[in-house]
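Below is one structure, written out as structure tokens, with a few remarks after it.
A short reminder: the numbers here are calculations on the coordinates, not readings from a lab. Computed from a predicted model, the values in this text were never measured in an experiment. Glycine also receives a Cβ, built like all others from the backbone with ideal geometry; neighbour counts cover every protein chain displayed.
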Amino acid sequence: MKKIIRVLVTAAVAAALSAPAALTSPASAAGSAPGGPAATPTRIELPSPTGHFAVGRDILHLVDHSRKDPWVPTEDRELMLSMYYPAVDRTGTPAPYLAVPEAKALLTDRGQLADFTTPERVAATRTHSRADALPRIAPQRYPLVVLSPGFTMPRATLTGLAEDLASRGYVVAAVDHAYESDGSLFPGNRLLGCKACEQVFPTGELNRVSDGRARDLSFVLDRITGPHPAWRYSWLIDARRIGLAGHSIGGNAASATMAADPRVDAGVNLDGTFFTPVPEGGLGGRPFLMVSGDATLLPPDFEDPSWDQAWHRLNGWKRWLTVTGLGHPGFTDWPVLGDGSGYSHPETPLSGARSEQIVRSYVGAFFDLQLRGIPSPKLDGPSAADPEVVFHQP
């Protein structure tokens, strides 16, 4: 099997992200013909959640006063969380996708998409969650899933996955790690850029990111499931059922956290190199899902032995899936933003709708099985309904 390095921003991947689009032009994306009147572009919209519940969203700011920030050591470590939860229908107000400054930062470092849309339009992407919605009270508390985004990417790029899990009956915490995205807003209208990039790219010490995130995610569990919770609706969470998932280095953070924190019951790595290796002794028999992108979409000289190593060290229930036509950004909302802007990303040709459908379906099925005991035949082997999904055979 062709091996790939799975981190969002290396020099080679950054070049791929800046490759010219072959299928559409900025004029067609704006809905206008040369010399003709400009049409108002349609609003970008995330796919609707597949579960039965309405989705609420809260924003939570956490500060770890016991730990200095690894990138700016004069400051305490800060995190921003979007908390998604099953909600009472038609309560609250529509939740925004991004603030305009965050959208501008996202587009500035993401190649050609900026030629097809504007920060204002990306920020206005329609979500399916509602701010300050009333929580839905159920006979049992809801399992918790924590999401960590790819390096340089804000937590908002996992909104589609987060909303879908919440609609299926999970509380979801999507985390922004300070100074590890192109630009995330923190209290005081502070747009924190990627100070980590300046320190780890020259040295290649990406394990500093995954190791630090493991500490971040354990702190998140302390603050939203501990005896003095910081979130007003923490009583919704069943702290006996906790899962982690992440994209790119966020996926490595899931396994790194599991190695150090026995509270986590199950984990998912979406196309992330294991810069912090899975321990030789495994993860205590706990289940882990690995989903990789299509190896043919990246240069043939990319190598990543960490997935083979991780696979052999995992000592519980495990699956390794590969998705044909899905490039590294395809595990996020990025293809949806591209499709809605008339931009076809050369690195991830699978459509935004299909990309979201596959990622949501398999991640949701995994957590349904491992945290709720609901069997899912789609995790047992290849399915005619999902021909893009290939099961890795060790």
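Values computed for the structure shown
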{"quantity": "Mean separation of Cα contacts under 8 Å (6+ apart) over length of segment 287-336, as relative contact order %", "calculated": "58"}
{"quantity": "Relative contact order %, the chain, counting alpha carbon pairs below 8 Å whose residues are six or more apart", "calculated": "19"}
{"quantity": "For the chain, the spread of Cα positions along each principal axis, largest first, Å", "calculated": "63, 50, 49"}
{"quantity": "Sorted by Cβ neighbour density within 10 Å, fewest at the top, the residues His61, His392", "calculated": "His61, His392"}
{"quantity": "Estimated inter-spin distance, Thr203 and Ala131, nm [label 7 Å along Cα→Cβ]", "calculated": "3.8"}
{"quantity": "Under 20 Å from Lys378, Cα to Cα: aspartates and glutamates that are on another chain or at least 8 residues apart", "calculated": "Asp164, Asp271, Asp294, Glu356, Asp368, Asp386, Glu388"}
{"quantity": "Centre separation in Å (Cα based) which lies between segment 84-123 and segment 246-302", "calculated": "27"}
{"quantity": "Footprinting exposure proxy for Glu102, Glu163 (fewest neighbouring C-beta atoms within 10 Å first)", "calculated": "Glu102, Glu163"}
{"quantity": "All aspartates and glutamates inside 14 Å of Lys318 as judged from Cα atoms, apart from same-chain residues fewer than 8 positions distant", "calculated": "Asp265, Asp308, Asp380"}
{"quantity": "Residue order, fewest to most surrounding Cβ atoms within 10 angstrom, among Arg319, Arg360", "calculated": "Arg319, Arg360"}
